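Student: This is the structure I have questions about; it appears just below.
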Amino acid sequence: MAIAKGASAQSTMSRVSKPHVVVIGGGAGGATAARYIARDGNGQVDVTLVDANKTYQPCFFSNHYLAGDRDFASLDHSYTTLEREFGIQVVQDTATGIDRDAQKINLQKGILRYDILVLAPGIDFVEGSVNGWSLADQNQMPHAYKGGEQVRRLKSQIEAIPKGGIFAIVAPPGFYRCPPGPYERVCVVANMFKAINPTAKIIIADPKPVFSKMGLFREAWKKYYKGMIDMNSDVDMNTFSVDPQAMTISVDGETIKVDACNIIPAQKAGQIAHTAGIVEDGWAPVRAQDMRSRLDENIYVLGDAAAQGDMPKSAFSANSQAKVCANAILHRLTGAALGPSEFQNTCWSLLAENDSVKIGATYKATSEKIARVDGFVSRRRESAELRKNTYEESLDWYSSITADMFGP
Ligand SMILES: Cc1cc2nc3c(=O)[nH]c(=O)nc-3n(C[C@H](O)[C@H](O)[C@H](O)COP(=O)(O)OP(=O)(O)OC[C@H]3O[C@@H](n4cnc5c(N)ncnc54)[C@H](O)[C@@H]3O)c2cc1C
């Protein structure tokens, strides 16, 4: 039962006998889970959704904002429909601790009790993964990898680059949110430069030797942005460093003055998953059939924070996992029929105006992990018409998936 400070006595009394599911994190995974549990629970389950922010500003499609394709306000999603139409209690607060034995959550402004806890806190950054940079430097060198104001800041810094100036982007290693995201960002920045600053250059420092949709991105860089991009792959991050005050990067012993710099650090599960003690090797291991934590049977973990197997860390994946998880929770709490543990994902990337590519797959649960079944990826040298269709498909996807998460 929810006992948040400030919750009305009436709402407390009317909810007293029902199982209580608390969802921490109102993003792609958490909002979907809250909505489907409340909607399909037919009033048999109380659902509380906790998010640190009043509205949700996604990372997905933030590159379309950088590209000038959409305005900032269009990336703002409210929880009002979840509250009014689905009866979800939305609490704007930050979870600071979880007492797993007592099934209690400490918020900054109160305490919540849960029967089932769904954690969907997204990512946090690994401090020290880029020499010379820490979160305290995010205003000088933004990450812009959690949506919101950081993205707006990055855009204004890029727009302010002087004629012939340099933009640097540091890509992350290992498992991270949206594998093609940094390279799509390179495309949209290069495209912006072509229009307003054609002699400006982009330096990429990437600790990886290969990356998602590499052939497609390289083809686009050659076709649209020839001579603008200096790609440094397989960079040794032990010797790489940045200086946010001096606005320099040092790669392979050479120090370069830059005009704007996007640092995308190494990543780990959102901090609250670590605080809860359900993380191993940076991410929260879950059972593939229902996203239940392998370390606590009353906690489920969704989206980027989960170590689930083959699915990339994407909004589409989080949304797909949330539906399987919601169904499993309702089966457990109310005896609802159990559906199949099948998942899907597609990630679109914008290369230039009306030119998008995609990669996607279907997945199923095995005893070991969420395993890839089959997939597809756009091909090189596709027709302009096909690429335009793919771009339009991506716009439709954004509208439909955000409606699936936040209503109506
Ligand atoms: C540039 C870029 C482009 C992308 N493009 C795509 C794309 O085209 N397609 C796609 O599918 N994905 C894309 N993604 C990835 C996508 O944004 C993430 O994978 C997705 O948002 C993950 O969902 P999530 O629910 O795990 O986390 P999030 O959506 O980040 O939600 C986490 C929520 O938890 C809240 N939270 C965290 N900790 C606490 C706490 N302690 N207390 C209260 N609230 C808390 C946060 O405020 C946040 O609202 C992109 C990402 C980036 C960076």
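The values are calculated or read from the model by the stated rules, or taken from the named source; none is laboratory data. Computed from a predicted structure; not experimentally measured. We place every Cβ from the backbone using ideal geometry, glycine too, and count neighbours over all the protein chains shown.
Every residue, every condition in (1) of a type in the set (A, V, I, L, M); (2) within 10 Å of the ligand (Cβ to nearest atom); (3) farther than 15 Å from Gly29 by Cα; (4) buried (at least 24 other Cβ atoms within 10 Å of the Cβ), yes or no:
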{"residue": "Arg287", "(1), (2), (3), (4)": "no, no, yes, no"}
{"residue": "Arg292", "(1), (2), (3), (4)": "no, no, no, no"}
{"residue": "Asn298", "(1), (2), (3), (4)": "no, no, yes, no"}
{"residue": "Ala307", "(1), (2), (3), (4)": "yes, no, no, no"}
{"residue": "Phe316", "(1), (2), (3), (4)": "no, yes, no, no"}
{"residue": "Asn319", "(1), (2), (3), (4)": "no, yes, no, yes"}
{"residue": "Cys325", "(1), (2), (3), (4)": "no, no, no, yes"}
{"residue": "His331", "(1), (2), (3), (4)": "no, no, yes, no"}
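Student: Collect the residues in the stretch 365-389 that are without any contact (Cβ under 8 Å) to a residue 12 or more places away in the chain and assigned to a helix (DSSP H, G or I), keeping them in residue-number order.
Tutor: Glu385, Leu386, Asn389
Student: Of everything in the stretch 101-112, what is touching a residue at least 12 places away in the same chain (Cβ under 8 Å) and surrounded by fewer than 17 Cβ atoms within 10 Å (Cβ to Cβ)? Give them in sequence order.
Tutor: Matches in the stretch 101-112: Gln108, Lys109, Gly110, Ile111.
Student: Further, regarding this structure: Tell me which residues, restricted to the stretch 135-156, are surrounded by 14 or more Cβ atoms within 10 Å (Cβ to Cβ) and assigned to a loop (DSSP other than H, G, I, E, B).
Tutor: Of everything in the stretch 135-156, those that are surrounded by 14 or more Cβ atoms within 10 Å (Cβ to Cβ) and assigned to a loop (DSSP other than H, G, I, E, B) turn out to be Gln138, Gln140, Met141, Pro142, His143, Ala144, Tyr145, Lys146, Gly147, Gly148.
Yes/no matrix, rows are residues, columns are (1) under 24 Å from the mean Cα position of the chain (by Cα); (2) not in a helix (DSSP H, G or I):
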residue: Lys163; (1), (2): no, yes
residue: Ile169; (1), (2): yes, yes
residue: Pro172; (1), (2): yes, yes
residue: Ala220; (1), (2): no, no
residue: Lys226; (1), (2): no, yes
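Student: Can you tell me which residue in the stretch 198-221 is farthest from Ile256 (Cα to Cα), limited to those that are basic (Lys, Arg) and in contact with a strand residue (DSSP E or B) (Cβ under 9 Å, 6 or more places away or on another chain)?
Tutor: Result: Lys213.
Student: Can you spot a residue in the stretch 115-137 that is in contact with a helix residue (DSSP H, G or I) (Cβ under 9 Å, 6 or more places away or on another chain) and under 20 Å from Lys257 (Cα atoms)?
Tutor: No, the stretch 115-137 contains no residue that is in contact with a helix residue (DSSP H, G or I) (Cβ under 9 Å, 6 or more places away or on another chain) and under 20 Å from Lys257 (Cα atoms).
Student: In the stretch 364-408, what count of residues is obtained for those that are within 15 Å of the ligand (Cβ to nearest atom) and among the charged types (D, E, K, R)?
Tutor: Qualifying residue count, the stretch 364-408: 4.
Student: Still on this structure, I have one more. Determine the pairs where a residue that is on the phi > 0 side of the Ramachandran plot and modelled with pLDDT of 95 or more, located within the stretch 264-278, has a partner that is assigned to a loop (DSSP other than H, G, I, E, B) and more than 9 Å from the ligand (Cβ to nearest atom) with Cβ atoms under 9 Å apart, the partner being 6 or more residues away or on another chain.
Tutor: Once the first residue is on the phi > 0 side of the Ramachandran plot and modelled with pLDDT of 95 or more and sits in the stretch 264-278, its partners that are assigned to a loop (DSSP other than H, G, I, E, B) and more than 9 Å from the ligand (Cβ to nearest atom) give Gly277/Arg100; Gly277/Leu295; Gly277/Asp296.
Student: If you check Val235 against the conditions, is it closer than 17 Å to Ile166 by Cα, out of contact with any Lys or Arg (no Cβ under 6 Å at 6 or more places or on another chain) and either assigned to a loop (DSSP other than H, G, I, E, B) or aliphatic (A, V, I, L, M) (or both)?
Tutor: no
Student: Still on this structure, I have one more. Any idea which of Asp404, Asp396 is of a type outside the set (Ser, Thr, Tyr), surrounded by fewer than 20 Cβ atoms within 10 Å (Cβ to Cβ) and within 24 Å of Asp40 (Cβ to Cβ)?
Tutor: The unique qualifying residue is Asp404.
Listed here are the residues, each with its yes/no results for (1) assigned to a helix (DSSP H, G or I); (2) within 23 Å of the chain's Cα centre (by Cα); (3) aliphatic (A, V, I, L, M); (4) under 28 Å from Ala34 (Cα atoms).
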position	(1), (2), (3), (4)
Ala318	yes, yes, yes, yes
Tyr363	no, yes, no, yes
Tyr391	yes, yes, no, no
Met405	yes, yes, yes, yes
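Student: Is it the case that some residue within the stretch 87-97 is at pLDDT 95 or above, assigned to a loop (DSSP other than H, G, I, E, B), under 27 Å from Ala307 (Cα atoms) and touching a Ser or Thr at 6+ places or on another chain (Cβ under 9 Å)?
Tutor: Checked the stretch 87-97: no residue is at pLDDT 95 or above, assigned to a loop (DSSP other than H, G, I, E, B), under 27 Å from Ala307 (Cα atoms) and touching a Ser or Thr at 6+ places or on another chain (Cβ under 9 Å).
Student: From the list Ile256, Ile278, which residue is away from the ligand (no atom under 11 Å from the Cβ) and outside the structural domain of Leu107 (by TED's automatic domain parsing)?
Tutor: Only one candidate qualifies: Ile256.
Student: If you take the residues in the stretch 39-55 that are surrounded by fewer than 24 Cβ atoms within 10 Å (Cβ to Cβ) and touching a helix residue (DSSP H, G or I) at 6+ places or on another chain (Cβ under 7 Å), which one is farthest from Met192 (Cα to Cα)?
Tutor: Restricting to residues being surrounded by fewer than 24 Cβ atoms within 10 Å (Cβ to Cβ) and touching a helix residue (DSSP H, G or I) at 6+ places or on another chain (Cβ under 7 Å), the top hit is Gln44.
Student: Can you confirm whether the stretch 125-139 contains a residue that is closer than 17 Å to Ile24 by Cα and in contact (Cβ under 8 Å) with a residue 60 or more places away in the chain?
Tutor: No, the conditions are met nowhere in the stretch 125-139.
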